[in-house]
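Beneath this line is the structure, given in structure tokens, with notes to follow.
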């Protein structure tokens, strides 16, 4: 993996709007003073590239726009980002090194000392093989409390609820903690023990005819994969619903899934060692709905 | 300010340990894949350079070491960082553009896709003139709730309590909110209304013979300026103490101060518009103790 090709494209401001410029990925791109590096002050998105196409482009660009607005960063518009995405997909598909890649978009406030243009760029690289494996095999979770009550992030825009900011140190620390405990990922909970989300994914679970997720007003990130699945789950006779639930209620539900753009829909096998009921047919159906079916090879090996 | 010179030095790993390498500050330094830029995954320190000397070097390097350990980043040792600090101070003092500068140290986990060396560098640039002005004139604060109870970050190392990480998007958003409300800075509180700290500073207040600050087990960042002042406040007949207090109790105390390395000790003039009692003689004495007296010109103009 470590020698696999990867690509970088930058949005620059030309005479008539933003333009894309390809950049040697082995060369430095960012100033030592860039606020991304010194303060995690910016927003990002991670998209899956599969079979030469990017999944969920519109939802991701929309969320990036909302994140930028919440941060007060006046960034490029969706057309400029779309051109950047196209250029990265083109680079990847010309010389792919695997069936799937992760395409990242990064927007930062720019140089700390010199108010001026924002920094806007994208990268594409081979997907971490653990992610399609989890899509096929499911995930084991451990519960980590996020230290906030369910209502703690309402009416407090400075806490950036629902913003996909570059400040992911806690999310990364939670993933390391989960790995140290032998799990695939963490499941954040509120102080009351209600389920929130993963460090970079959305939790779904089924209660009869309802496909459920955490209420957005708990301050979780609105998931693009969750949104796509909710929009289409009527095709499976299910209805999407936001519900405040404890870990125990999710464990006893009719099945649970962790969703993210790069992982797709992965069945939750266990939470803190307690088994969650499995429904392989529904898992496969939800994966189809999400636009990211499990890899055939991995699925048949499972 | 925007054309003032500034300097960058990088720690590189030579054959016999880390070495310093000066870098053109107008040139890019960081990879598009650096985890500082893509995840705010690293630690930093900001030190004041004044009269050709850096203030509180030992405390800052100690805290950087603790932050790195909490993040699980195996970075350069204190000797390497000290050499980096020396080189930056030398560059600044050879061509200073003001009486004070801010020296930043940045440590990141390195390249996201390629596990290998960490990124370690430092910068020095002229200090934002608002900071010495606040040291001389005091600050007006607004209260912003951080959405956590006082005990919310205990025993939860993945929430990185006391770690000066690069993930400061919430801190930056709080500063913008404070500015939008016409204040100089924010004062974070717990859900119970207990005072915590500023987005980049420590709160002190006086209760009779006690100089007080927030209990460290509330998850606040241990302040280097606060530590220095506590160590030496016996010279003023005061004793340092950690106390859990409401905003109202601080407003009614015998005086309050916001401390940080670059601002030094600044008297709190008001909190949410309520005046806090002023003690200019004690403010000046605390500033002397901290090693950063208010600029003479600014002080006489106040």
What residue, among those in region A:114-126 that are surrounded by fewer than 20 Cβ atoms within 10 Å (Cβ to Cβ) and either under 19 Å from residue A:49 (Cβ atoms) or within 9 Å of chain B (Cβ to nearest Cβ) (or both), is nearest to the chain's Cα centre (by Cα)?
A:126
Only listed residue being facing chain A (nearest Cβ under 8 Å) and crowded, with 21+ Cβ neighbours inside 10 Å, chosen from B:183, B:169:
B:169
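Yes/no per residue for (1) in contact with a strand residue (DSSP E or B) (Cβ under 7 Å, 6 or more places away or on another chain); (2) within 22 Å of residue A:274 (Cα to Cα); (3) at pLDDT 95 or above:
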position: A:172; (1), (2), (3): no, no, yes
position: A:178; (1), (2), (3): yes, yes, yes
position: A:188; (1), (2), (3): yes, yes, yes
position: A:196; (1), (2), (3): yes, yes, yes
position: A:203; (1), (2), (3): yes, yes, yes
position: A:211; (1), (2), (3): yes, yes, yes
position: A:217; (1), (2), (3): no, no, no
position: A:231; (1), (2), (3): no, no, yes
position: A:236; (1), (2), (3): no, no, yes
Among strands (runs of 3 or more DSSP E) lying entirely in region A:192-302, which contain 1 or more residues that are surrounded by fewer than 23 Cβ atoms within 10 Å (Cβ to Cβ)?
A:202-207, A:210-213, A:239-242, A:264-271
So residue A:32, is it without any contact (Cβ under 8 Å) to a residue 60 or more places away in the chain and buried (at least 20 other Cβ atoms within 10 Å of the Cβ)
yes
Residue set B:161, B:132, B:149; condition under 17 Å from the mean Cα position of the chain (by Cα), within 14 Å of chain A (Cβ to nearest Cβ) and touching a residue at least 24 places away in the same chain (Cβ under 8 Å); output residue B:161
Failed item, numbered, when residue B:13 is tested on (1) loosely packed, with under 15 Cβ neighbours inside 10 Å; (2) farther than 30 Å from residue A:9 by Cα; (3) in contact (Cβ under 8 Å) with a residue 60 or more places away in the chain
(2)
With the condition kept exactly as written, say whether any residue in region A:21-35 is at pLDDT 95 or above and on the phi > 0 side of the Ramachandran plot.
no
Hey, among the residues in region A:73-109 that are over 19 Å from residue A:126 (Cβ atoms) and within 12 Å of chain B (Cβ to nearest Cβ), which one's surrounded by the fewest Cβ atoms within 10 Å (Cβ to Cβ)?
A:73
Is it the case, given these coordinates, that residue A:199 is within 18 Å of residue A:48 (Cβ to Cβ) and without any contact (Cβ under 8 Å) to a residue 40 or more places away in the chain?
yes
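The values are calculated or read from the model by the stated rules, or taken from the named source; none is laboratory data. Everything quoted here is computed from the prediction, not taken from an experiment. So basically every Cβ, Gly included, is an ideal-geometry build from the backbone, and we count neighbours across all protein chains shown.
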